[in-house]
Amino acid sequence: MNILMIGSGGREHALIRKLLESPKCTKLYCAPGNGGISRDAETVNIGVMDKEAMVKFAKENAIDLAFVAPDDPLAAGMVDAFEEAGIRAFGPNANAAIIEASKVFSKNLMKKYNIPTAKYEVFDNADKAIEYVKSENTAPVVVKADGLALGKGVIIAQTIDEAVSAIKSIMEDRQFGDSGNNIVIEEFLTGPEVSVLAFTDGKCVKPMVSSKDHKRAYDNDEGLNTGGMGTISPNPYYTDEIADVCMETIFKPTIEAMNKEGRPFKGCLYFGLMITPNGPKVIEYNARFGDPEAQVVLPRLKTDLVDICEAVIDEKLADIDIEWYDGAAACVVMASGGYPVSYKKGIEMFGLDDNGQVEGATVYHAGTKYENGKFYTSGGRVLGVTARAETLDEALEKAYSAVDKIKFEGAHFRHDIGKTK
Ligand code: AMP
Ligand code: GLY
């Protein structure tokens, strides 16, 4: 099969590595990819939002399967565009990707179908929102931009004043543009967070092994929120008992709710959960694999990913058994100095072999460039250094000793992945 991966991050590199294990995959392209990906697949210089060029490329190169990994092209209907051209594609249609692209949609869906989530109100007007947080007078309180905002649209306001300035910057200063035309104001929940990715063909839902993301930039959960600084799998807080509760109260009801709304979801649905004292609740949905969750979940996948993609597309997911490796996986993200605010690009990297790898781990490239036999940084999150082992401690040890072999000016990473709540 000729397969086309769409995207350019560590998640896409992890997907590519898994697809390459399939005997069915004979030719793999990635658009646009990155330096590390270029060592594993043929990279194609097409932007992730360019539907027309993507479909044209797929037709000209007899693509049998297109895999749309990032949120923006999914929300913009990339899968619909492939389908209209007769090309098989993995990922939800735009009318289902809205479960991530609009928080107002997802909150209203959960309310309508009794899926446990934080209490909330929706506002299209800053004054009314401000009046509401002042009258409720409880803090912390959570302010969320409705639309996609590069993972930055959620503000945990510690005081009412902070909530007021968050509302103003989203709705009046339009910090996230049209994504902030509406906002959700939400109850602050507490408890450990769990990421559960699930394959679904719109009929049945098969959760993958659980994982845990570390979103803050620095050790001890200090610093700003990032796209994710590291992950582990499994998540120690996700017991079998909690998994059963999630299946009955969250996973199945969500799939059914989307069907009832006439928006069947096919692809990978990501449940961002919080295990609160009142049981598991949904913090957010994503319409795609998480990044860097994919980097620890996929290495544990035993079953052929191409078979799973085909079963999802053909709505035959119930017919296949999905198997996982026991043990654990850990991913440590190496980021550019200054990330997530501002950082330099184009810094030469040392310690990687010609395939961008080091011994003892798998290095998923997120923001790198490959030129004349050398790797250079080209983004905020640069690498996801990942290892799998019998135990979490061993996986962490392997990942961190690989991290120690890689050098680039300004590199920073967390030293406590797998150690914090
Ligand atoms: P998101 O961008 O939706 O993943 O949210 C970013 C992070 O904000 C989540 O991972 C949580 O840690 C936190 N968060 C979001 N909503 C809430 C909430 N209602 N209560 C507490 N924390 C929250
Ligand atoms: N790691 C969180 C996300 O992919 O949204």
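Points to keep in mind about this one:
- If you go through region 1-35 and keep only what is of a type in the set (D, E, K, R) and over 17 Å from VAL363 (Cα atoms), you end up with LYS24, LYS27.
- Any hit, region 207-222, residues being assigned to a helix (DSSP H, G or I), in contact with a helix residue (DSSP H, G or I) (Cβ under 6 Å, 6 or more places away or on another chain) and either among the aliphatic types (A, V, I, L, M) or within 16 Å of ligand 1 (Cβ to nearest atom) (or both): no
- Of all residues making up region 14-53, the number that are under 20 Å from ALA85 (Cα atoms) and either open to solvent by less than 60 Å² (accessible area, probe 1.4 Å) or part of a loop (DSSP other than H, G, I, E, B) (or both): 11
- Test: residue in region 5-13 that is open to solvent by 10 Å² or more (accessible area, probe 1.4 Å), more than 18 Å from ASP291 (Cα to Cα) and polar (S, T, N, Q): no
- Tally of residues being closer than 19 Å to ALA329 by Cβ, part of a loop (DSSP other than H, G, I, E, B) and among the hydroxyl-bearing types (Ser, Thr, Tyr) across region 370-421: 2
- Counting the residues of region 82-122 that are assigned to a helix (DSSP H, G or I) and farther than 24 Å from VAL133 by Cα gives 11.
- Residue pairs whose Cβ atoms lie under 7 Å apart, separated by 6 or more positions or on different chains, with the first residue in region 133-162 and open to solvent by 20 Å² or more (accessible area, probe 1.4 Å) and the second within 16 Å of ligand 2 (Cβ to nearest atom) and in a helix (DSSP H, G or I), are ASP146/LYS103; ASP146/SER179; LEU148/ASP71; LEU148/ASP72; LEU148/ALA75; LEU148/ALA101; LEU148/SER179.
- Close contacts from region 34-51, counting a first residue that is closer than 11 Å to SER8 by Cα and a second that is among the basic types (Lys, Arg), with Cβ to Cβ under 6 Å and a gap of 6+ residues or different chains, come to GLY35/LYS369.
- Failed criterion for LYS56 (all others in (1) part of a helix (DSSP H, G or I); (2) of a type outside the set (Phe, Trp, Tyr); (3) surrounded by 15 or more Cβ atoms within 10 Å (Cβ to Cβ) hold): (3)
- For region 108-132, a residue qualifies if it is without any contact (Cβ under 8 Å) to a residue 24 or more places away in the chain and acidic (Asp, Glu), and the qualifying residues are ASP127, GLU131.
- Members of region 179-204 found to be open to solvent by 20 Å² or more (accessible area, probe 1.4 Å) and more than 22 Å from ASN278 (Cα to Cα), listed by number: SER179, ASN181, ASN182, LYS203, CYS204
- Scan region 100-122 for residues that are open to solvent by 30 Å² or more (accessible area, probe 1.4 Å) and either among the aromatic types (Phe, Trp, Tyr) or in contact with an Asp or Glu (Cβ under 6 Å, 6 or more places away or on another chain) (or both) and the total you get is 4.
- Sole residue being away from ligand 1 (no atom under 13 Å from the Cβ), open to solvent by 50 Å² or more (accessible area, probe 1.4 Å) and part of a loop (DSSP other than H, G, I, E, B), chosen from ASP321, ASP244: ASP321
- In the set PRO299, PRO340, only one residue is of a type outside the set (S, T, N, Q) and at pLDDT below 95; that residue is PRO340.
- In region 123-132, the residues that are surrounded by 15 or more Cβ atoms within 10 Å (Cβ to Cβ) and either of a type in the set (Gly, Ala, Ser) or not in a strand (DSSP E or B) (or both): ALA126, ALA129, ILE130, TYR132
- Residues of region 179-206 that are away from ligand 2 (no atom under 16 Å from the Cβ), in a loop (DSSP other than H, G, I, E, B) and not β-branched (Val, Ile, Thr): ASN181, ASN182, PHE188, LEU189, GLY191, ASP201, GLY202, LYS203, CYS204.
- Qualifying residue in region 267-287 (condition: within 16 Å of ASP201 (Cα to Cα), open to solvent by 30 Å² or more (accessible area, probe 1.4 Å) and touching a residue at least 60 places away in the same chain (Cβ under 8 Å)): no
- Residue check for MET334: within 16 Å of ligand 1 (Cβ to nearest atom) and more than 15 Å from VAL205 (Cβ to Cβ): no
- Top-ranked residue of region 288-300 - restricted to ones that are open to solvent by less than 20 Å² (accessible area, probe 1.4 Å) and not in a helix (DSSP H, G or I), ranked as nearest to ligand 1 (Cβ to nearest atom): GLY290
- Between THR226, THR249, the distinction of being within 21 Å of the chain's Cα centre (by Cα) and either more than 21 Å from LEU150 (Cβ to Cβ) or within 16 Å of ligand 1 (Cβ to nearest atom) (or both) belongs to THR226 only.
The rows are residues; the columns are (1) under 18 Å from TYR325 (Cβ atoms); (2) open to solvent by 30 Å² or more (accessible area, probe 1.4 Å); (3) in contact (Cβ under 8 Å) with a residue 60 or more places away in the chain.
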| position | (1), (2), (3) |
| --- | --- |
| VAL363 | no, no, yes |
| THR386 | yes, no, yes |
| LYS405 | no, yes, no |
| HIS415 | no, yes, yes |
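- Scoring LYS344 on the criteria (1) within 21 Å of HIS412 (Cβ to Cβ); (2) surrounded by 14 or more Cβ atoms within 10 Å (Cβ to Cβ) leaves a single failure, condition (2).
The values are calculated or read from the model by the stated rules, or taken from the named source; none is laboratory data. For clarity, every value in this text was computed on a predicted model and none was experimentally measured. Every residue, glycine as well, gets a Cβ built from its backbone with ideal geometry; the counts of neighbours run over all protein chains shown. Please note that ligands, DNA and RNA were not included when accessible areas were found on the heavy atoms of the full protein model with its side chains. Shrake-Rupley method; radii C 1.70, N 1.55, O 1.52, S 1.80 Å.
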